[in-house]
Amino acid sequence: MIDRLIRIAAPHLTGLALRLFVWLIEAPLIGSIILSVMKKQNNFTQLLRNTVIPENPMFRPEYPPQGKPSKRVLLRHNWRLAPETGVAVLDEYEEPVLRVEKALGCLCSYDPSQRCHEDSPPFLYWTIRDFAHAYRNKLATPSTVAEHIIAIVEEYNNKKPPMPLLILFNAEEVRKQAAASTQRFEEGKSISILDGIFVAIKDDIDCYPYPSKSGTSWLHNTREVKKDAVCVSRLRSCGVILIGKANMHELGMGTTGNNPIHGYGGLSYCPSSST
């Protein structure tokens, strides 16, 4: 365990300089030399040798496997390999809507009276089931929620300095998806509990028709996005409304979302804090 801060000798690169550095690192011979020098400068090997990990190593999954194990397996690996009750096994190739229904069956029952009442805090974090309940009981529609989201995104984009919550955003596209979802609810044909739920996609995941920049100013020029990533496609098939591409640290090389190209997103309800 390392209990003190260690100064790292590494270049701070963005934009074109970062692109050139990545190209050098990926070069067959010079890349390994650069990495070797950087590791030596930062005592990387020594740090790993002196690092103490208090947890014992895990040689088997922490969760018990599902399905009925054989007697031989039970005798060999003890009772901990017995199937866990209350867990549904989802087929990866099953229709996304059916997988969502099975996953929903694993959750505890939903009681809207315990969520919204006179003693509720002024800031209530709405869950997926809160929105689903509101839509199905005509307390709100995806279109009304879309207008609130569009107003918030535009408000923060126009701040001085801007706080770009989304770096790629098309208000009309959001309205179009929300209108289609609202119509499904009016006709009683909602697709799933995720229908009308708004989701932003990180900039390193393909979401057609937006380009994927991974927080850079150039990566989208190397590859054209022609379709959704599989995870995005499955969300869309469940009725999810995709509102755009979310800001991120350049190439995902940090955790704060502080991007020198697109700006700093921060937290909308606490601007002084990091995402």
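The values are calculated or read from the model by the stated rules, or taken from the named source; none is laboratory data. Only a predicted model underlies this, so the values are computations on that prediction, with no experimental measurement involved. Cβ sites come from the backbone with ideal geometry, for glycine too, and all protein chains shown count toward neighbours. We work out accessible area using only protein heavy atoms, side chains counted, and drop any ligands, DNA or RNA first. Shrake-Rupley method; radii C 1.70, N 1.55, O 1.52, S 1.80 Å.
Do the conditions hold for Asp228, that is, is it touching a residue at least 60 places away in the same chain (Cβ under 8 Å), among the acidic types (Asp, Glu), surrounded by 18 or more Cβ atoms within 10 Å (Cβ to Cβ) and not in a strand (DSSP E or B)? Taking the combined requirement at face value, the residue does not satisfy it. Taking first residues from the stretch 29-49 that are under 21 Å from His12 (Cβ atoms) and at pLDDT 85 or above and partners that are open to solvent by less than 70 Å² (accessible area, probe 1.4 Å) and part of a helix (DSSP H, G or I), the Cβ contacts under 9 Å between residues at least 6 apart in sequence or on separate chains come to Ile30/Leu24; Gly31/Leu24; Gly31/Ile25; Ile34/Phe21; Ile34/Leu24; Ile34/Ile25; Leu35/Ile25. Number of residues in the stretch 109-132 that are at pLDDT 85 or above and exposed (fewer than 11 other Cβ atoms within 10 Å of the Cβ): the value is 2.
Might you check whether a residue that is touching a Gly at 6+ places or on another chain (Cβ under 7 Å), among the acidic types (Asp, Glu) and within 22 Å of Val100 (Cα to Cα) occurs anywhere in the stretch 180-198? Yes, the stretch 180-198 contains at least one residue that is touching a Gly at 6+ places or on another chain (Cβ under 7 Å), among the acidic types (Asp, Glu) and within 22 Å of Val100 (Cα to Cα).
If you check Ile150, Ile191, Ile201 for being in contact (Cβ under 8 Å) with a residue 24 or more places away in the chain and part of a loop (DSSP other than H, G, I, E, B), only one passes: Ile191. Is the stretch 188-198 home to any residue that is acidic (Asp, Glu) and buried (at least 18 other Cβ atoms within 10 Å of the Cβ)? Yes, there is a match, as at least one residue in the stretch 188-198 is acidic (Asp, Glu) and buried (at least 18 other Cβ atoms within 10 Å of the Cβ).
The set of residues in the stretch 230-256 that are closer than 30 Å to Asp195 by Cβ and either of a type in the set (Asp, Glu) or in contact with a strand residue (DSSP E or B) (Cβ under 7 Å, 6 or more places away or on another chain) (or both) comprises Val232, Leu235, Arg236, Val240, Ile241, Leu242, Ile243, Gly244, Lys245, Ala246, Asn247, Met248.
Among the residues of the stretch 188-200, is any closer than 30 Å to Ala17 by Cβ and at pLDDT 90 or above? So far as the stretch 188-200 goes, yes, one or more of its residues are closer than 30 Å to Ala17 by Cβ and at pLDDT 90 or above.
Can you tell me which residue is farthest from Gly215 (Cα to Cα) among those in the stretch 234-261 that are in a strand (DSSP E or B) and among the β-branched types (Val, Ile, Thr)? Across the stretch 234-261, the extreme among qualifying residues is Ile241. All of (1) of a type in the set (A, V, I, L, M); (2) in contact with a strand residue (DSSP E or B) (Cβ under 7 Å, 6 or more places away or on another chain); (3) farther than 26 Å from Pro260 by Cβ hold for Ile201 with one exception: (3). Considering only residues in the stretch 259-275 that are buried (at least 18 other Cβ atoms within 10 Å of the Cβ) and modelled with pLDDT of 80 or more, the one that is nearest to Phe169 (Cα to Cα) turns out to be His262.
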